[in-house]
Amino acid sequence: MPELIDTHAHLEEMENLGKTLADAKAAGLVAIIAVGQDVASNARTLAIAAQYPGFVYPALGCHPWNIRAENIEENLEFINANIDKTVAIGEIGLDYNKRVRENADKDLQKRVLNEILKIAKAHGKPALIHSRYAWRDALELVVESGVAKAVFHWFTGPTSVLRDIIERGYYISATPAIEYHEEHRRAVKETPLSQLLLETDSPVTYARSREGEFMASPADVARSLKGAAALKGVGEAEIATVITVNAKRLFGLM
């Protein structure tokens, strides 16, 4: 069984965390990057990582869905105060969906992303980027920040942006949506193995998988692996070796 790493999971949202992590280990996972979204989520993520040292590694973030003008400074202060406990900054980014912009318009989202990228840059942390409908803007802000390492998670944007991401040396992560989402499949297929990671974005629900709707858990990173291997025409064990080393290097787990 190949070693696997889920590089993006919202463990604080899992209903039965103990079983979730036991299932993950049984599926061959050797690490999970647990991502935060706001102050409460970040605090819970740190607590989970402390409870499962050497297996769960925390990233602290400010998800664009969770941006509210009244809580920005509190979250930035929390991230700064706990930065030494993290392996990355995330989930952060931009989301131009209309419903998200009703709570945080484009300018506010960009301001928050800029501030958090400054933290990532100052501490040499990788940034885990959400970029729905904002692919070019998100990339430009990351580049302008000078952050050396970034992951554009669950990327579904245009090839022109993808090529620039690859040229900059940043990463793309494959999710179980690789089973059905054509834009995501194209992104994974076009990304070099040396810049590819695996994730589940647990506990998101994948609505059009080969087996129908299912709520993801970290063990489902095996589905991401299977889909990536098929697209690349490479054996699962071979591709897993490369991608797992990618993740260990990126997050300093070696």
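The values are calculated or read from the model by the stated rules, or taken from the named source; none is laboratory data. Computed from a prediction, not measured in an experiment: that's the story for all the values here. Here Cβ is always computed from backbone atoms with ideal geometry, including for glycine, and neighbour counts include all displayed protein chains.
Give the residue, chosen from GLU213, GLU190, that is free of Cβ contacts under 8 Å to residues at least 12 places away in the same chain, charged (D, E, K, R) and over 24 Å from VAL56 (Cβ atoms). Walk me through it before giving the result.
Details: GLU190 fails: free of Cβ contacts under 8 Å to residues at least 12 places away in the same chain.
After ruling out the rest, the residue left standing is GLU213.
Of the residues GLU15, GLU91, GLU77, which single one is more than 16 Å from the chain's Cα centre (by Cα) and within 26 Å of ASP137 (Cα to Cα)? Give the steps one after another, and end with the answer.
Numbers: GLU15 fails: within 26 Å of ASP137 (Cα to Cα); GLU91 fails: more than 16 Å from the chain's Cα centre (by Cα).
Among GLU15, GLU91, GLU77, only GLU77 is more than 16 Å from the chain's Cα centre (by Cα) and within 26 Å of ASP137 (Cα to Cα).
A count restricted to segment 207-252 and to residues that are touching a Pro at 6+ places or on another chain (Cβ under 6 Å), exposed (fewer than 15 other Cβ atoms within 10 Å of the Cβ) and modelled with pLDDT of 95 or more stands at 1. Scanning segment 23-40 for residues that are within 28 Å of GLU77 (Cβ to Cβ), of a type in the set (A, V, I, L, M) and crowded, with 24+ Cβ neighbours inside 10 Å yields a total of 4.
Between GLY227, GLY212, GLY235, which is of a type in the set (Gly, Ala, Ser) and at positive phi? Steps first, please.
On the way: GLY227 fails: at positive phi; GLY235 fails: at positive phi.
Matching residue, one of GLY227, GLY212, GLY235: GLY212.
Residues in segment 182-202 that are surrounded by fewer than 19 Cβ atoms within 10 Å (Cβ to Cβ) and not in a helix (DSSP H, G or I): PRO192 alone. Scanning segment 157-175 for residues that are touching a helix residue (DSSP H, G or I) at 6+ places or on another chain (Cβ under 9 Å) and under 25 Å from VAL87 (Cα atoms) yields LEU162, ASP164, ILE165, ILE166, ARG168, GLY169, TYR170, TYR171, ILE172, SER173, ALA174, THR175. Each residue in segment 41-83 was checked for being more than 24 Å from SER131 (Cβ to Cβ) and either surrounded by 24 or more Cβ atoms within 10 Å (Cβ to Cβ) or in contact with a helix residue (DSSP H, G or I) (Cβ under 8 Å, 6 or more places away or on another chain) (or both), and 10 pass.
Answer with yes or no whether ASN97 is under 19 Å from the mean Cα position of the chain (by Cα), under 22 Å from LEU117 (Cα atoms) and modelled with pLDDT under 95.
Details: under 19 Å from the mean Cα position of the chain (by Cα): yes; under 22 Å from LEU117 (Cα atoms): yes; modelled with pLDDT under 95: yes.
In short, yes.
If the condition is being among the β-branched types (Val, Ile, Thr) and touching a residue at least 60 places away in the same chain (Cβ under 8 Å), then segment 217-242 contributes VAL221, THR241.
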